[in-house]
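K.L.:
If you scroll down you'll find the structure; I have some questions about it.
The values are calculated or read from the model by the stated rules, or taken from the named source; none is laboratory data. Note that this is a predicted model, so its numbers are computed, not measured. Note: ideal-geometry Cβ built from the backbone for every residue, glycine included; neighbour counts use all protein chains shown. Note: accessible area is taken over every heavy atom of the protein model, side chains too, but ligands, DNA and RNA are not part of it. Shrake-Rupley method; radii C 1.70, N 1.55, O 1.52, S 1.80 Å.
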Amino acid sequence: MKALIVLEFNELCEPLINQWIDEGELPNFQRIRSQAQLYKTVADAAPPALEPWIQWYSMHTGLSYAEHHVFNLTEGQKQIHSDIWSELQHQGLTTFNCGSMNAKANCSNGSIYIPDPWCTETKPYPESIRPYFDFVSEQVQNQSARNSLLSKFNITSKFLFYMIKHGLSLQTVTKVCSQLALEKVSSHDLYWKRAFILDWLQLDLFESLYKDYHPDFSTFFLNSTAHIQHSFWCFMEPDKFDISIKSKEYKEHKDAVLMAYRNMDTLIGRFFDLIGSDATLALATGLSQQAFVKNGDYQVYYRLKDVDSFVQSLGFKDFNISPIMTHQYIFKAYNKKDNSDFCSMLDHLVLMDGTKIFDYNITPSGAVCFGTYLTRVVKDEEKMVINEMQFNFTELLHRIQEVKSGCHNPNGTFWIMNDKVPKRCSTLAITDVNGIIKRHFNVAN
C-alpha cells in the first residue's frame, strides 16, 4: 500500500486542463491523467452553498451540505464530524493536512496540521510550524495594515528564520527576488503574480516536513489559480466581455490563467520528484469555474479601509473583528446583544438611493459573518446613510483592484493514479471522494 498525496488545487477546470495538455502546455498534468482513474465530481449543493469552503468540507467528511450544515469559512474548524484525516488515523495511519480549506484541527501524535490561511481560531500542529502560519495568514487575511511595524517585523523575521531551517530553496528565493525586482522596473502590472509566491513557499515547507515525517496520507491545498481565474477570466475569453484585444489590460493579462496552470504543472513535477516510486498522487479541484457574464459585464468588490474604525463609528466598543476573504469579516461582540444590534445596523446602512451595502449571516456561535454586498461601480460623490448619519462611501471603502469575471461551476475533478485496475472515466458526487481515498488504504466506509 503506497502513501497518497492529494493535490487540492482549488477550482481548476478540467476542460482547460485537457485543452492545454493537448496543446503540450501541461506535461505533468498529462502524466497524472495518463495513469489515473478519472472522475468528474458534482457538487452536493446549489447557490448560495456553491462555495469551495462548503464543498471541500463535504469531500473531506463524506457528508452532504444538507447533513453537515457548514456554511461559512472558518466554521469547519469547530465541528465534531469525523473527516478523512481522523478516520485514517483511527486505522493507525499517519496524516499531513497542509492548508486544506475549512478543515478542523487534528493535533495528535501521527499528524501534521497546517490550518488554511483564513483560519481565525485553531493553530498548527506541531506548534513549531507557527511562524510559517502566522506570516501566511497575515498576508492572506490582509492583516498587515492593521499590525504595527514592530509586530510585522517580528512575524516576518520569525518566518524567515523558520523557513531557512525548513526547506526554503534557492529556486524559491530566486523567484521571489525576481518577482519583486520586476515589479519595480516594469511598466506592466505584475503585482498579481505574487499569488504564486505562497505556492512556492508552501511546497518548500511541505517537502521538508514530508521527508522528516513520511506520512501515509497527505493533502496539499492551493488557491492561487482560483483567485486568478476569478480576476482574469475575462481576458482569457474577451469575446464574452466588453474588452478590446488592443487594450493595455488585455495585453498584460491575456495569458494570466494559462500562467497559473503552468505554475501548477511545475509544482506537480516537483511532487513527482519528491515521491519517486514510494507514493502516488491524486488531483482534486472541489469545484471549477466558468465565465461570469451578466449583461456583458463583471462584478466589482469593495473593502473597508479600516474595519475597526468603521465598527466603532457605528457605536460599538467591545468587539473582535477577524478578516477572512478579501471583502468579508467575522464580527463578534463580547455582549451578545451587540451582535443582533450590529446586524440591524447593517440592514439599515444603504446608499442614498436605498441600495444595500452589506450582507451578513449568523454563525452557529452567534458571531456575524459580513461583507460588502455591492457589486456595481460606486461614484466618488455617492454617500451612504444610517439613522440620519451620512458617510462618504469612498472615504470608508475602496474598490478592490481585481474584478470578478469567473464564477463557480458545480463540476469538479478527482484523478487518482492507480496501476492496478483499467482506467475509466466516471461521474460521482463529491461526497464519494472520501470513500475512494479510504479504499486506497483498504479502509471500509
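K.L.:
Per residue of region 130-137, in order, report the coupling 6.51 cos²θ - 1.76 cosθ + 1.60 (Karplus, θ = phi - 60°) as ³J(HN,Hα) in whole Hz, putting x for Gly and Pro.
P.N.:
With the stated coefficients, region 130-137 comes to 3, x, 5, 4, 4, 5, 5, 5 Hz.
K.L.:
Hey, any idea what % of region 49-187's accessible area is carbon plus sulfur with a 1.4 Å probe?
P.N.:
Carbon and sulfur atoms account for 60 percent of the accessible area of region 49-187.
K.L.:
If you don't mind, there's one more thing I want to ask. Report, in degrees rounded to the nearest 10, the 0 to 90 angle that the Cα long axis of helix 170-185 makes with the longest principal axis of the chain.
P.N.:
30 degrees
K.L.:
Can you give the Rg/Rh ratio of region 303-445, where Rg is from the C-alpha atoms and Rh is the Kirkwood radius?
P.N.:
1.18
K.L.:
Would you mind calculating the relative contact order of region 23-142 from Cα pairs under 8 angstrom and at least 6 residues apart, reporting the percent as a whole number?
P.N.:
16 percent.
K.L.:
To continue, here is another question. When all C-alpha to C-alpha distances in the chain are sorted into bins of 10 Å, what percent of pairs does each bin hold, rounded to whole numbers?
P.N.:
4, 19, 31, 28, 14, 4, 0, 0
K.L.:
Tell me, what HN-Hα J-couplings in whole Hz come from the Karplus equation 6.51 cos²θ - 1.76 cosθ + 1.60 at θ = phi - 60° for each residue of region 237-247, using x for Gly and Pro?
P.N.:
Karplus-based 3J(HN,Hα) across region 237-247 equals 10, x, 5, 8, 10, 8, 10, 7, 6, 8, 6 Hz.
K.L.:
Sticking with this structure for a sec: Give, rounded to the nearest 20 debye, the magnitude of the charge dipole that region 329-402 has about its Cα centre when Lys and Arg contribute +1 at Cβ and Asp and Glu contribute -1 at Cβ.
P.N.:
Computed charge dipole of region 329-402: roughly 280 debye.
K.L.:
While we're looking at this one, here's another question. For region 162-299, calculate the relative contact order in percent as a whole number, restricting contacts to Cα pairs under 8 Å that are 6 or more residues apart.
P.N.:
24 percent
K.L.:
Can you give the angle from 0 to 90° between the axis of helix 52-61 and the longest principal axis of the chain, with both taken from C-alpha atoms, to the nearest 10?
P.N.:
Once rounded, the angle reads 40 degrees.
K.L.:
Stretch Met259-Glu237 to full length: gain in nm at 0.36 nm per residue minus the Cα-Cα span?
P.N.:
So the chain would gain 6.4 nm between Met259 and Glu237.
K.L.:
For the chain, with the dipole built from +1 on Lys and Arg beta-carbon atoms and -1 on Asp and Glu ones, taken about the Cα centre, which of Ser111, Pro238, Ile386 lies farthest toward the positive end?
P.N.:
Selected residue: Ser111.
K.L.:
Normalised by the residues of the chain, what does the relative contact order come to in percent, with Cα pairs under 8 Å and at least six apart?
P.N.:
Relative contact order here is 28 percent.
K.L.:
Between Thr413 and residues 5 or more places away or on another chain, which pairs have amide H atoms under 5 Å apart, with H built 1.01 Å from N, and which residues are they?
P.N.:
HN-HN under 5 Å from Thr413: Thr41, Thr285, Gly286.
K.L.:
Please give, to one decimal in nm, the separation of the simple spin-label points placed at Ile436 and Ile197, each 7 Å out from Cα toward the Cβ.
P.N.:
3.5 nm
K.L.:
Considering only DSSP beta bridges where both residues belong to the chain, give the percentage that are antiparallel (nearest 5).
P.N.:
60 percent
K.L.:
Considering the dipole of the chain built from charges on the beta carbon (Lys and Arg +1, Asp and Glu -1) around the Cα centre, which of Ile17, Ser309, Phe292 is farthest to its positive end?
P.N.:
The Cα lying farthest towards the positive end belongs to Ile17.
K.L.:
A further question follows. Separation of region 219-271 and region 1-34 by C-alpha centroid, Å?
P.N.:
Centre-to-centre distance over Cα atoms comes out at 16 Å.
K.L.:
Can you give the helix-only mean residue ellipticity at 222 nm for the chain, where every DSSP H stretch with n ≥ 4 adds -39500 (n - 2.57) and the sum goes over all residues, rounded to the nearest 500 deg cm²/dmol?
P.N.:
-11500 deg cm²/dmol
K.L.:
With the cut-off at 1.5 for a/c, could you classify region 1-103 from its C-alpha gyration tensor as rounded, prolate or oblate?
P.N.:
oblate
K.L.:
Once you've got the Cα coordinates, tell me which of Lys104/Lys152; Lys40/Lys240; Lys251/Lys404; Lys332/Lys383; Lys305/Lys379; Lys332/Lys379 are over 21 Å apart.
P.N.:
Cα-Cα > 21 Å for Lys104/Lys152; Lys40/Lys240; Lys332/Lys383; Lys332/Lys379; rest within.
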